[in-house]
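Peer 1: Here it is: the structure, laid out below.
The values are calculated or read from the model by the stated rules, or taken from the named source; none is laboratory data. Predicted, not measured: the structure shown is a model, and the values here were computed from it. Counting neighbours? That spans all protein chains shown, and the Cβs are built from the backbone with ideal geometry, glycine included.
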Amino acid sequence: MSAIYILWLRQLKRYFRAKIRILSSLGQPLLFLLSFGFGFGPLYQRAGAGNYLQYLAPGVIAMGILFPAVFSGIEIIWDRQFGFLKETLVAPVSRFQIVLGRTLGGATTALIQGTMVLIICSVAGFRMENFLLLPVAFGFMFLIALLGNSIGTAIGSVLDDVQGFQLIMNFLVTPLFFFSNALFPVDGLPAFLKLLVHLNPLSYGIDGLRGALGHAFLFGAAIDFVIISGVTAILLGLGSYLFSRIQL
C-alpha cells in the first residue's frame, strides 16, 4: 500500500509542476462549452428540448476528465525513454501495485481538472438541481478518470513512440467521446448510432454524471455504475498485464 501511495503522490506532483498542461487541458472543454452551448443552445430551446447548456455541461466535464486521463499514459513512454521506468520496476513491489498507484494518481489529477471544468460550467450558467447528489457526481467523474487512465496505461505499455501513442489515442478516444451521449440525446438517433452509444462504456459514465447533476438518468444509476465499473476493472487488468510484460 505504501508503494501505491508513493506512486499516487508522484503523479500529483508531476501534475502541479506542469502549469501549462493544466491551462491547456481546460482549453478544449471551454471551446466546446462556448461554441456548442451558446451556438446550438437557441436551436435546442426552439425545438422544445429545454436548456441545452444543462444537457451539454456533463459531457463537457467528462471531456475535461477523459482526454487528460488517457494522455497520462504517455508518461510511461517518457519514463521508459529517460530511464525512470527502470528505477520504478526494480523496486520490491508488484507491477500491479505500480500500475494501480499510477492509475490512481492520474485519475486524481483528471478529477481535479474535471472539477475545474464543473466550476467553469457553473459560471457559464449551468445549475445543479440537487447538491445532495454531488458526491455521486464526483464518484462517476472518478470512474471516468479511471477508465481513461486504464486505456492510456494499456496503450502506453505496448508502444515506445510518443507520436504513435498520440495517433492511436486520437483514433480511439475521439470516437469514444463523439459516439457517446456527451453532445446529443440518444432519443431519435438512427439505429446504428444508437447501438454505438449503447455499446460505448463512456455513455454510462456520462449518463451517471448527468443524472447526478440534475438531469434524468437514461439507463439508470445502477446500470451506469455496474457497466462503467466493470469495463474499467477489465481495462485495468489488461493494462496491468501489458505493463507486466514491458522489457527494458
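Peer 1: Restricting the first residue to segment 67-84 and requiring it to be modelled with pLDDT under 75, which pairs with a second residue that is surrounded by 17 or more Cβ atoms within 10 Å (Cβ to Cβ) and not small (G, A, S) meet a Cβ separation below 8 Å and a spacing of at least six or different chains?
Peer 2: D79/L85; D79/T88
Peer 1: Which one of V173, V197 is closer than 24 Å to R210 by Cα, within 20 Å of the chain's Cα centre (by Cα), free of Cβ contacts under 8 Å to residues at least 40 places away in the same chain and in a helix (DSSP H, G or I)?
Peer 2: Of V173, V197, the one residue that is closer than 24 Å to R210 by Cα, within 20 Å of the chain's Cα centre (by Cα), free of Cβ contacts under 8 Å to residues at least 40 places away in the same chain and in a helix (DSSP H, G or I) is V197.
Peer 1: What residue, of S180, S157, is part of a loop (DSSP other than H, G, I, E, B), touching a residue at least 60 places away in the same chain (Cβ under 8 Å) and either more than 22 Å from G37 (Cα to Cα) or within 13 Å of the chain's Cα centre (by Cα) (or both)?
Peer 2: The unique qualifying residue is S180.
Peer 1: Take P190 and decide whether it is closer than 21 Å to A57 by Cα and not acidic (D, E).
Peer 2: no
Peer 1: While we're looking at this one, here's another question. Which numbered condition in (1) under 14 Å from the mean Cα position of the chain (by Cα); (2) surrounded by 13 or more Cβ atoms within 10 Å (Cβ to Cβ) is the only one that L213 fails?
Peer 2: (1)
Peer 1: Between a first residue in segment 86-115 that is modelled with pLDDT of 80 or more and a second residue that is crowded, with 21+ Cβ neighbours inside 10 Å and in a loop (DSSP other than H, G, I, E, B), which pairs have beta carbons less than 7 Å apart while being 6 or more apart in sequence or on different chains?
Peer 2: From residues that are modelled with pLDDT of 80 or more, the pairs are G106/S72.
Peer 1: Let me ask another. If F243 passes every condition in (1) crowded, with 21+ Cβ neighbours inside 10 Å; (2) more than 17 Å from the chain's Cα centre (by Cα); (3) modelled with pLDDT of 90 or more but one, which one does it miss?
Peer 2: Against the list (1) crowded, with 21+ Cβ neighbours inside 10 Å; (2) more than 17 Å from the chain's Cα centre (by Cα); (3) modelled with pLDDT of 90 or more, F243 comes up short only on (3).
Peer 1: Sticking with this structure for a sec: Going by what's in this entry, would G208 be described as at pLDDT below 90, outside any loop (DSSP other than H, G, I, E, B) and under 17 Å from the mean Cα position of the chain (by Cα)?
Peer 2: The answer is no for G208.
Peer 1: Just wondering, is there one or more residues in segment 130-139 that are in contact with a helix residue (DSSP H, G or I) (Cβ under 9 Å, 6 or more places away or on another chain), surrounded by fewer than 24 Cβ atoms within 10 Å (Cβ to Cβ) and farther than 22 Å from S229 by Cβ?
Peer 2: The answer is yes, given that some residue of segment 130-139 is in contact with a helix residue (DSSP H, G or I) (Cβ under 9 Å, 6 or more places away or on another chain), surrounded by fewer than 24 Cβ atoms within 10 Å (Cβ to Cβ) and farther than 22 Å from S229 by Cβ.
Peer 1: Among L193, L176, L167, which is the only one that is surrounded by 12 or more Cβ atoms within 10 Å (Cβ to Cβ) and at pLDDT below 85?
Peer 2: L167
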